[in-house]
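Undergrad: Just dropping this structure here.
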Amino acid sequence: MRKVNISEINDYSRRFARVICDKFFRLNAAINGKQIVELCENRQINLFVIKTIYIKWQEEANNIRSPYFDYSAPEVMQAMTALMNVLSRYISIKRETFEPILANAVVDTLLLTISPLDYYTKEFSAMGKQIDVALQVKTIAKYFKVHRTLFDHILAQLEREGSIVKTDRAIALVAILLNQKSMLDNKELILQTFDKVIPLNYSQLFVSEQENPFFANNLEETTFDISPLKFDLNFKEESKSNVTSSYSRPIAEEKPIVEEKFSPLSNPELARSIMEKSKHQSIKEIIPFEKRSGFTRVLFNGNIGEFEEALEMIDRCPNYHEAIMFIKDRYFRKYSWDLEKDEVKEFYEMVAEKFD
């Protein structure tokens, strides 16, 4: 059985992003929304970058709260909406921030192209133990171009399942839908758009399962906890093939237009409930006492002091995304966590529970 060679994909994606950024930032100090949409020939990459920014906007808006002020007051919400509308028209990202986002968008685009099941497993798992179909899937529909027919069928099937679907069930539905090959675009044509920047080594995109037993460990994720705020980064997508570009040649005639405008916060009760979610249960209270020794032994090499320090730092994180990024940067690589181990899965589940 063959598995995606995520190590090769990560390496290629970093090199790809470096080449694109070298070209763009040679003449520009920062990149804006319209430039992102037109950045490279594979439009799915551009859309995934915009998707990341869209989700980051949700997180930042959701984190604006204070024990001293009432952010749910109608006047405050109206002012916040006006502020977000203005800010959304002034996207400006410097290279040091943008290049890693671009590299992750390349990873996701390659993964979606050559192994949709792996991509959607990663995407849906990042949403938590269950998925709010309307808020977490339907809102990101506009950011999918590769295998679009598959995405539309996935969304339709999830909506038939109900408003809330367990993540494992959603992934299983993707696997069932993938049996219908007609839902997939021509992978070779999509991969050719990568070759125009840096040639792909097609033989290295997959390895046998025996050669790559720790597939999950090597997966560099950008995991985002998608906020239920009703923001929306709108732009017009022309009916063009996936190979229109501004990277290798100027775009002629019709160019995609970025309106980059968030819709108003139209649901005060929803916003109020979100603002009140700042008081989270401590991770120490979530982890059962009998689990602590196993977590310490397997995840922290028996170092109880570091385990306790990790719990304190997770409690200080403002949201799920920041907690996951902290864990990844501080412990995941240091102790070579294996995502197939029960202790690793349970630990991540309990971190997710803290921020539910």
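The values are calculated or read from the model by the stated rules, or taken from the named source; none is laboratory data. Small disclaimer: the values here were computed from a predicted structure and weren't measured. Here Cβ is always computed from backbone atoms with ideal geometry, including for glycine, and neighbour counts include all displayed protein chains.
Undergrad: Just to be sure, is THR97 within 26 Å of LYS34 (Cβ to Cβ) and either free of Cβ contacts under 8 Å to residues at least 24 places away in the same chain or of a type in the set (Ser, Thr, Tyr) (or both)?
TA: yes
Undergrad: When you scan segment 261-282, do you find a residue that is closer than 30 Å to CYS40 by Cα, surrounded by 16 or more Cβ atoms within 10 Å (Cβ to Cβ), of a type in the set (A, V, I, L, M) and at pLDDT below 80, even just one?
TA: Scanning segment 261-282, I find no residue that is closer than 30 Å to CYS40 by Cα, surrounded by 16 or more Cβ atoms within 10 Å (Cβ to Cβ), of a type in the set (A, V, I, L, M) and at pLDDT below 80, so the answer is no.
Undergrad: Same structure, new question: Do any helices (runs of 4 or more DSSP H) entirely within segment 71-177 hold 3 or more residues that are hydrophobic (A, V, I, L, M, F, W, C), and if so, which?
TA: Those helices (runs of 4 or more DSSP H) span 74-88, 95-114, 148-161, 167-177.
Undergrad: Kindly indicate the residue of segment 115-132 that is crowded, with 20+ Cβ neighbours inside 10 Å, at pLDDT 90 or above and hydrophobic (A, V, I, L, M, F, W, C) and also farthest from LYS345 (Cα to Cα) among those meeting that condition.
TA: If we take residues in segment 115-132 being crowded, with 20+ Cβ neighbours inside 10 Å, at pLDDT 90 or above and hydrophobic (A, V, I, L, M, F, W, C), then ILE131 is farthest from LYS345 (Cα to Cα).
Undergrad: Do we have LYS56 as at pLDDT below 90, of a type in the set (D, E, K, R), surrounded by fewer than 21 Cβ atoms within 10 Å (Cβ to Cβ) and within 12 Å of the chain's Cα centre (by Cα) here?
TA: In short, yes.
Undergrad: How do the pairs read when you match residues in segment 115-139 that are touching a residue at least 40 places away in the same chain (Cβ under 8 Å) with residues anywhere that are of a type in the set (D, E, K, R) and buried (at least 20 other Cβ atoms within 10 Å of the Cβ), using Cβ under 8 Å and keeping only pairs 6 or more apart or on different chains?
TA: Note: pairs meeting the criteria are LYS122/ASP108; ALA126/ASP225; MET127/ASP225; GLY128/ASP225.
Undergrad: Going through GLN44, GLN35 one at a time, which residue ends up being touching a Lys or Arg at 6+ places or on another chain (Cβ under 6 Å), part of a helix (DSSP H, G or I) and of a type outside the set (Asp, Glu)?
TA: Step by step, each of GLN44, GLN35 is checked, and only GLN44 is touching a Lys or Arg at 6+ places or on another chain (Cβ under 6 Å), part of a helix (DSSP H, G or I) and of a type outside the set (Asp, Glu).
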